[in-house]
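The values are calculated or read from the model by the stated rules, or taken from the named source; none is laboratory data. The shown structure was predicted, so the numbers you read here are calculated from the model rather than taken from an experiment. Heavy atoms of the whole protein, side chains included, go into the accessibility calculation; ligands, DNA and RNA do not. Shrake-Rupley method; radii C 1.70, N 1.55, O 1.52, S 1.80 Å.
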Amino acid sequence: FEQRTPGGTYDIYCTTLPARSIAAAEVSLSQGSFGPFVFQNTVIYPDSQSAEDAFNDLRAAVENCPEETDGEGNVTTYSVVAFPSLGDQTYALRSSRGLADVEGARVRIGNVIISVAQSGVGGVDSEQTEVFVRAAVDKFNDTWR
């Protein structure tokens, strides 16, 4: 868990975005050296409008960044993929870098954005990604709503 102060910027998907959140928590799980790996990040915003603005910025950033090359020449590709609608807003994405694939979704519920992703070498199971995302959303709703 990390408390944050809104302000400043951060870089994601070839884009610099305004930092709006007031807190974040994350957890991860690893099944082995080659995965699968599961990550969950829950970010809290001061109000629903700030979360909606952040969500829309994140989605636009990934849609406008089909690929990105890091300082070592590694290329990562990004694409928005189909996913069931959950919460107030939802989008899913897939990224690939070398042999590693990542698939996940972001779900906005009020002033919170929940991000869940799984990765692994040689691909990921899209049905399992949906199971992980639904479990995170259900847990949030059971605990905080």
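Summary of values
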{"item": "Accessible area of the chain divided out per residue, in Å², using a probe of 1.4 angstrom", "result": "57"}
{"item": "Relative contact order of the chain, pairs being alpha-carbon contacts under 8 Å that are 6 or more residues apart, as %", "result": "20"}
{"item": "Over the stretch 1-75, equivalent-ellipsoid semi-axes from the Cα gyration tensor in Å", "result": "24, 20, 11"}
{"item": "Radius of gyration and maximum dimension Dmax of the chain, Cα, Å", "result": "15.0, 44"}
{"item": "Cubic angstrom per residue, convex hull over Cα atoms of the stretch 60-145", "result": "104"}
{"item": "Whole-percent carbon and sulfur share, accessible surface of the stretch 1-116, 1.4 Å", "result": "49"}
{"item": "The chain - mean residue ellipticity at 222 nm from DSSP helices (-39,500 (n - 2.57) per run, n ≥ 4, rounded to 500)", "result": "-8000 deg cm²/dmol"}
